[in-house]
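K.L.:
One structure, as structure tokens, below. Some questions next.
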Amino acid sequence: MAEKMLLIGGRSSKQGTALCAGKLGEEYLDVTSTVEMNAEDMARLGLQNESRVRVWTPGGEAVLRCKSRETKDLPPGMLFMAYGPLSSRLMTGDTAGSGMPLSKNLDVEIEPVRDGGLT
Amino acid sequence: MSEDTVRVVSDATCTFCGCVCDDMVLTVDLQQHKITKSQNACVLGKAWFKEHSIEERPFALIGGREASTEEGIEAAAQILVNARFPIIYGLSDTTCEAQRVAVAIADMIGGNLDTTTSVCHGPSGIAFQGVGESTATLGEIKNRADLVIFWGGNPAEAHPRLFTRYAVTAKGMHVPQGRKDRTVVLVDVRRTASTPVADIFLQVKPRSDFEVLWALRALVKGKRVDPSIEQRTGISLAVLEDLVARMKSCQFGALLFGMGLTMNRGRHFNAGALLALATDLNEFTHFVAAPVRGHGNVTGADNVVSWQTGYPFGVNFSRGFPRFGPGEFTTVDVLSRGDADAAMIIASDPASNFPQPAIEHLKRIPVITLDPKTTITSQLAQVAFTTSTYGINTPGTVYRMDNVPITLRPAFESPYPGDEQILTGIRTRVHELLGGNRLPVDTSAASL
Amino acid sequence: MAKMLRIVNGRVYDPANGLDGTVRDVCILDGRIVADVPREARTVDARGMVVMPGGVDIHCHIAGSKVNLARKLQPEDHRRDPHLRTRFTRSGTGGTVPSTFATGYRYAALGYTTAMEAAVSPLGARHALEELHDTPVIDKGFFILMGNNVLLFQLLQEGRHEEFRQALAWWLNAAKAYAPKLVSPGADEMWKGGRNANITRLDEKIGPFDLTPRKVIDAFIGSANDLGLPHPVHIHCNNLGHTGNYETTLETMRIAGDRRAHITHIQFHSYGAVAAKSGDNPTSRATDISEYINTHPNISADVGAIMFGRSTSMTADAPLAYMLRKFGGRKWVSADTELESGCGIIPFTYQDRSYTNALQWAIGLELFLRSSDPWRMVFSTDHPNGGSFMSYPKLIRLLMDSEFRKQEMAKVNQAALDNSGLRECQDRELSLYEIAIITRAGPARLLGLTAKGHLGVGADADVTIYEENADKEQMFAAPRYVIKDGELIIEDLEFRTDHAGRVLHVAPEYDAGIEQTLRPFFEDYYTVQFNNYAVDPSYLHSHQVIPTAPQPTGTFSRAGA
């Protein structure tokens, strides 16, 4: 059963250092394919750290591994992931005439991946 | 190690982020062609210096085949000259000297010229054009600011030394105790590594920054704000009133803002509201605002494009003169609509960062890339140049996020040419092929 | 391109060499004026034309971070004024703050060959040089802002005058500047450090410093003259724009005593006061100002005339720009530079119906017409503050054509005219000789550019040839030929080639020991490394050092004569 959540893309320290090593490197791909999720939301969806989830928007989809965050840090219904190729897949090309596509506060749908899914 | 195997470069500049710290002390292993120590660098800077060594790569790849730089230049020039809507993009991670040549090429071929600003603080630039800005160089914040507000950013992870060298713990002439003489406020939708640094944390509801900023403006101007603002934004009226009181009574306030405002619903309206707030506060005290820039020389790109064309980004030369069009000539749009029929990407990786429709189109057209590393974009390029890295191998000028220009001190030489050198070669060849600047076919129709 | 050129049959206006319309040859060889050239030299027939040295703009804002902020601020101002590329010249945009290529080409297209950027923070000197490098054709230099420099304030208040002088010389070298500039000394310090305060009196304390604007101005005038700089301290007086400010201006000139000083855009500093319904109205005190300058040969000024229409106010006088907001409410920029200066930018429109603007317009004209020594009251609009340099031809017509002037006077706010002295001098017409002085020979001499502003042997071959025309605006708007460094840049009204001018700067000697004073200050307070601060000579490209002539004691030097 898919749920609607709000995704925020952003920079992180690990993403920045991994970027320097190379965007095709394992470290960078690892960092940018992780999504932080509220602990209560994860419990409700039957997810643990490293569980796979499918996230999608009208722009595209991505399969990510989750990482738990306390409510005080990340409120329920909110997701955070570091900028990268996977976060970009979720953006649409519509910039509302500004040049800037939205990559923060994206309305996404999310569901756990049950069987061996896409990477 | 002996003298000829180790070099120490002092006063070197880190260009990983917009802080552009120029107090690096780099220890270079000349035999291994790498930086073994980077004193004063933050964790991001250390990675930047550590990971940019010399890799064994072909000088260029043409259609996946190894080639020389000269062959690449010929192929690139042909692509640009034969295109009807060629675009040039990137430029935030290269020197001003290279940026100037890129704009010259765009002018020569009547192409499109845009920088990563359009997907970063472009909206702040648009807001600036509408509202103006009260700002200051970072040294003013270090020496005078007793109230510092971070909005929509996470400096602890993206600009660590913004806290330590410039704005929070830094000791200044009128802020001699550093942190103790300051009040630090952080505004964000979630807690981050930056939150513990703040005295006051405002956790706003997503997509409500504009409303919070507008409410603050109203309170600054002595207007009434309904308590229902809390329901809308997650911030109570009392907290807003307290913040306004602090802003009005400080000696020198600073509002440093990031992507949380520009990449969000509202975009330039958010940035405009923040800039207007800072402007309003100058009725009461000295207050400045500054966008926190991500890449080392994106501010340089803004400056170069502005002084050469009059506009900061999203510029098109096809009519024989620069035209500015966010949404029309910005790269995400130009690609998503399928307008471009050739692209030169300089020191940037849009195939990683752009929306899918833009990436799909990039795969359909001939692409030229200039990059020190292999990236997703360089892998789909028709012509991919390997370049040296600015600041580490290549000299030149960069601008810090606050418009301060700094001259780079490279650490060690690279066998690969710099962006400026390659672009100059391309410009020369394009000039030969076109016999000068390309003139638009209908020169009488210079209507706007 | 011709290395040799002979201009024949033109009427030559070369006031520095006493030529007032004499028909004679002007010969050029290898970029310089020479006495003669071989017969086979290319000839330019200037029959029916006027030959002058290239124009020299002593004060304009064309390059650097302040200018670029103003450029970025106004896309709407650029959109209405495209500058098309040609086969060999770059495109750009215009308006009141044109892009750099357009700036250079348009100055050249008006027959100007030298321009001085009037206000650059030393921290941003590199930026100004980069922009000047992209400003084609003209020779250029810039003045550095020193009147709110915190270290210099500290040295002064501690009475460390020798170190003050050495630091000033060091700074001119480090920034590759042409001259020191003072803008409302103390004002930016109050703006930044005093919660947007300002300074209004010359004997007022500058915030926490045991200093006053008077002491600051005096120290700079003295040191600049001791250093024998080709151009003295260039002063934007305190209280610009304020009703009654002529007293501040007179007082500032008195501080100079008999030492050289240059007062810039003096029109903005020539206001008296008359009681009106709500507060005082400004009046013209151009008479008093003119009289003082006419009788004190050590003082020079540029007028800073305003022209009706669009302008952009861009000034290092940050409190002033903020005050102007109230008169337009449009977008406003303020940008502080650590430890050195501030700036304010505001788009502005001068309207002929406005009392104040009409008065300013009248005062500008008065100052030209009342001057008894055009060598020391030279031409400027403080571009783009008073008006764009593109309005220079119209201003020239206003000065040369009293009928036209009177027609324009009839259109403006008449109450303002009543409170000016313009009607008294409305009949005076400046001659071509006088125009050549105020737009070429005078500014060059005041700047100490001995090879510019004249056509004597040895001068730089910067020559402008205008077609005679009864309509002086038409005449000066489109020179038939413009020659720069002996190259025909414009021929028959068209660009023939691109050209890069030179950066002109000074390099006064200084004691390297001053670094011991500078370094610790940089380490404590600046956010750039001391070693990274001074501009590398590679930013100069083609350049020329203009010599200084240091004085043994406190006497002053006069360049040229």
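K.L.:
For residues that are in contact with a Phe, Trp or Tyr (Cβ under 6 Å, 6 or more places away or on another chain) and either in a strand (DSSP E or B) or at the interface with chain A (Cβ under 10 Å from one of its Cβ atoms) (or both), scanning just the stretch B:333-374, find the one that is nearest to B:Pro312 (Cα to Cα).
P.N.:
Here the answer is B:Ile345.
K.L.:
List every residue pair whose Cβ atoms sit under 6 Å apart, with the two residues 6 or more apart in sequence or on different chains, where the first one lies in the stretch B:2-27 and is more than 10 Å from every other protein chain (Cβ to nearest Cβ) and the second, anywhere, is of a type in the set (Ser, Thr, Tyr).
P.N.:
Note: pairs meeting the criteria are B:Val8/B:Thr27; B:Val25/B:Ser10; B:Leu26/B:Ser38; B:Thr27/B:Thr36.
K.L.:
Just one of C:Gly513, C:Gly486 is in contact (Cβ under 8 Å) with a residue 60 or more places away in the chain, under 30 Å from C:Asp45 (Cβ atoms) and more than 14 Å from chain B (Cβ to nearest Cβ); which is it? Talk me through it step by step, then tell me what you get.
P.N.:
Numbers: C:Gly513 fails: under 30 Å from C:Asp45 (Cβ atoms).
C:Gly486 is the lone residue from the list that is in contact (Cβ under 8 Å) with a residue 60 or more places away in the chain, under 30 Å from C:Asp45 (Cβ atoms) and more than 14 Å from chain B (Cβ to nearest Cβ).
K.L.:
Continuing with the same structure: I'm trying to understand the selection: among the residues of the stretch C:305-342, which are part of a strand (DSSP E or B), away from chain B (no Cβ under 14 Å) and crowded, with 22+ Cβ neighbours inside 10 Å?
P.N.:
Of everything in the stretch C:305-342, those that are part of a strand (DSSP E or B), away from chain B (no Cβ under 14 Å) and crowded, with 22+ Cβ neighbours inside 10 Å turn out to be C:Ser311, C:Thr315.
K.L.:
Still on this structure, please answer the following. I'm told B:Gly327 meets every condition in (1) within 14 Å of chain A (Cβ to nearest Cβ); (2) farther than 21 Å from A:Tyr28 by Cβ; (3) assigned to a strand (DSSP E or B) except one. Can you identify the failing condition by its number?
P.N.:
The one condition B:Gly327 does not meet is (3).
K.L.:
Filter the stretch C:90-102 down to residues that are within 7 Å of another protein chain (Cβ to nearest Cβ) and assigned to a loop (DSSP other than H, G, I, E, B) and give me whichever is farthest from B:Arg319 (Cα to Cα).
P.N.:
Among those residues, the one meeting the criterion is C:Ser99.
K.L.:
Give the number of residues within the stretch B:78-132 that are more than 10 Å from chain C (Cβ to nearest Cβ) and basic (Lys, Arg).
P.N.:
Adding up the residues that qualify gives 1.
K.L.:
With the structure loaded, tell me whether B:Phe59 is away from every other protein chain (no Cβ under 11 Å), among the aromatic types (Phe, Trp, Tyr), touching a residue at least 12 places away in the same chain (Cβ under 8 Å) and surrounded by 17 or more Cβ atoms within 10 Å (Cβ to Cβ) or whether it fails that test.
P.N.:
yes
K.L.:
Among C:Phe88, C:Phe101, C:Phe143, which is aromatic (Phe, Trp, Tyr) and closer than 25 Å to C:Trp332 by Cβ? Step through it out loud before you land on a result.
P.N.:
Values: C:Phe88 fails: closer than 25 Å to C:Trp332 by Cβ; C:Phe101 fails: closer than 25 Å to C:Trp332 by Cβ.
Step by step, each of C:Phe88, C:Phe101, C:Phe143 is checked, and only C:Phe143 is aromatic (Phe, Trp, Tyr) and closer than 25 Å to C:Trp332 by Cβ.
K.L.:
Does any residue of the stretch C:372-384 turn out to be modelled with pLDDT of 95 or more and within 14 Å of chain B (Cβ to nearest Cβ)?
P.N.:
Yes; the residues of the stretch C:372-384 include at least one that is modelled with pLDDT of 95 or more and within 14 Å of chain B (Cβ to nearest Cβ).
K.L.:
Between residues in the stretch B:228-239 that are in contact (Cβ under 8 Å) with a residue 24 or more places away in the chain and residues that are of a type in the set (S, T, N, Q), which pairs lie under 7 Å by C-beta distance while being six or more apart or on different chains?
P.N.:
Taking only residues 6 or more apart or on different chains, the pairs are B:Arg232/B:Ser208; B:Thr233/B:Ser208; B:Gly234/B:Gln203; B:Gly234/B:Ser208.
K.L.:
In contact (Cβ under 8 Å) with a residue 24 or more places away in the chain, farther than 30 Å from C:Asn532 by Cα and surrounded by fewer than 17 Cβ atoms within 10 Å (Cβ to Cβ): does that describe B:Glu66? Break it down stepwise before answering.
P.N.:
Working: in contact (Cβ under 8 Å) with a residue 24 or more places away in the chain: no; farther than 30 Å from C:Asn532 by Cα: yes; surrounded by fewer than 17 Cβ atoms within 10 Å (Cβ to Cβ): yes.
In short, no.
K.L.:
Sort through B:Ser92, B:Ser68 and tell me the only one that's farther than 16 Å from B:Asn316 by Cα, in the same structural domain as B:Ala340 (by TED's automatic domain parsing) and at pLDDT below 95.
P.N.:
None of the others qualify; the one that does is B:Ser92.
K.L.:
If I filter the stretch B:396-411 down to residues being over 19 Å from the mean Cα position of the chain (by Cα) and surrounded by fewer than 24 Cβ atoms within 10 Å (Cβ to Cβ), which single residue comes out as farthest from A:Lys23 (Cα to Cα)?
P.N.:
B:Arg409
K.L.:
Follow-up. Of all residues in the stretch B:40-64, count the ones that are under 19 Å from B:Pro417 (Cα atoms) and outside any helix (DSSP H, G or I).
P.N.:
11
K.L.:
Kindly provide the set of residues from the stretch B:210-257 that are closer than 17 Å to B:His286 by Cβ and of a type in the set (Lys, Arg), ordered by number.
P.N.:
B:Arg246, B:Lys248 - these are the residues of the stretch B:210-257 that are closer than 17 Å to B:His286 by Cβ and of a type in the set (Lys, Arg).
K.L.:
Please verify whether the stretch C:377-388 includes one or more residues that are in a helix (DSSP H, G or I) and out of contact with any Phe, Trp or Tyr (no Cβ under 7 Å at 6 or more places or on another chain).
P.N.:
Within the stretch C:377-388 (the criterion being in a helix (DSSP H, G or I) and out of contact with any Phe, Trp or Tyr (no Cβ under 7 Å at 6 or more places or on another chain)), the answer is no, since none of the residues qualifies.
K.L.:
For the stretch C:258-284, which residues satisfy the criterion of being part of a loop (DSSP other than H, G, I, E, B), surrounded by fewer than 24 Cβ atoms within 10 Å (Cβ to Cβ) and in contact (Cβ under 8 Å) with a residue 12 or more places away in the chain?
P.N.:
C:Asp258, C:Arg259, C:Arg260
K.L.:
From the set of residues in the stretch B:374-395 that are more than 20 Å from B:Ile88 (Cβ to Cβ) and not hydroxyl-bearing (Ser, Thr, Tyr), which is surrounded by the fewest Cβ atoms within 10 Å (Cβ to Cβ)?
P.N.:
B:Pro395
K.L.:
When you scan the stretch B:141-151, do you find a residue that is within 14 Å of chain C (Cβ to nearest Cβ), surrounded by fewer than 24 Cβ atoms within 10 Å (Cβ to Cβ) and in a loop (DSSP other than H, G, I, E, B), even just one?
P.N.:
Yes, the stretch B:141-151 contains at least one residue that is within 14 Å of chain C (Cβ to nearest Cβ), surrounded by fewer than 24 Cβ atoms within 10 Å (Cβ to Cβ) and in a loop (DSSP other than H, G, I, E, B).
K.L.:
Sticking with this one: Just to verify a result, which residue in the stretch C:50-89, among those that are without any contact (Cβ under 8 Å) to a residue 40 or more places away in the chain and in a loop (DSSP other than H, G, I, E, B), is farthest from the other protein chains (Cβ to nearest Cβ)?
P.N.:
If we take residues in the stretch C:50-89 being without any contact (Cβ under 8 Å) to a residue 40 or more places away in the chain and in a loop (DSSP other than H, G, I, E, B), then C:Asp81 is farthest from the other protein chains (Cβ to nearest Cβ).
K.L.:
For residues that are more than 23 Å from C:Glu340 (Cα to Cα) and within 14 Å of chain B (Cβ to nearest Cβ), tally how many sit in the stretch C:105-143. Don't jump to the end; show me each part of the working.
P.N.:
Within the stretch C:105-143, the subset more than 23 Å from C:Glu340 (Cα to Cα) is C:105-115, C:133-139.
Those left that are additionally within 14 Å of chain B (Cβ to nearest Cβ): C:105-106, C:133-136.
Residues flagged as more than 23 Å from C:Glu340 (Cα to Cα) and within 14 Å of chain B (Cβ to nearest Cβ) within the stretch C:105-143 amount to 6.
K.L.:
Quick check on my filter: what residues within the stretch C:343-361 are away from every other protein chain (no Cβ under 14 Å) and either closer than 26 Å to C:Ala125 by Cα or surrounded by fewer than 24 Cβ atoms within 10 Å (Cβ to Cβ) (or both)?
P.N.:
C:Thr349, C:Tyr350, C:Gln351, C:Asp352, C:Arg353, C:Ser354, C:Tyr355, C:Thr356, C:Asn357
K.L.:
Based on what the data block shows, is C:Leu455 touching a residue at least 24 places away in the same chain (Cβ under 8 Å) and in a strand (DSSP E or B)?
P.N.:
In short, no.
K.L.:
When B:Thr5 is evaluated against the numbered criteria (1) hydroxyl-bearing (Ser, Thr, Tyr); (2) over 22 Å from B:Pro415 (Cα atoms); (3) at pLDDT below 95, which criterion, by number, is the only one it fails?
P.N.:
The single condition B:Thr5 does not satisfy is (2).
K.L.:
Okay, next question. So which residues in the stretch C:491-544 are in contact with a helix residue (DSSP H, G or I) (Cβ under 6 Å, 6 or more places away or on another chain) and of a type in the set (S, T, N, Q)?
P.N.:
C:Thr517, C:Thr527 - these are the residues of the stretch C:491-544 that are in contact with a helix residue (DSSP H, G or I) (Cβ under 6 Å, 6 or more places away or on another chain) and of a type in the set (S, T, N, Q).
K.L.:
Having 1 or more residues that are within 24 Å of B:Gly152 (Cα to Cα) and polar (S, T, N, Q) is the bar; report the strands (runs of 3 or more DSSP E) wholly within the stretch A:2-119 that clear it. First the steps, then the outcome.
P.N.:
Numbers: elements: A:3-10, A:34-38, A:52-57, A:60-69, A:78-82, A:106-112.
Hits in the stretch A:2-119: A:34-38, A:52-57, A:60-69.
The values are calculated or read from the model by the stated rules, or taken from the named source; none is laboratory data. Given the structure is predicted, the values throughout are model-derived calculations rather than measurements. Because the Cβ atoms are built from the backbone with ideal geometry, glycine has one as well, and the counts that use them run over all protein chains shown.
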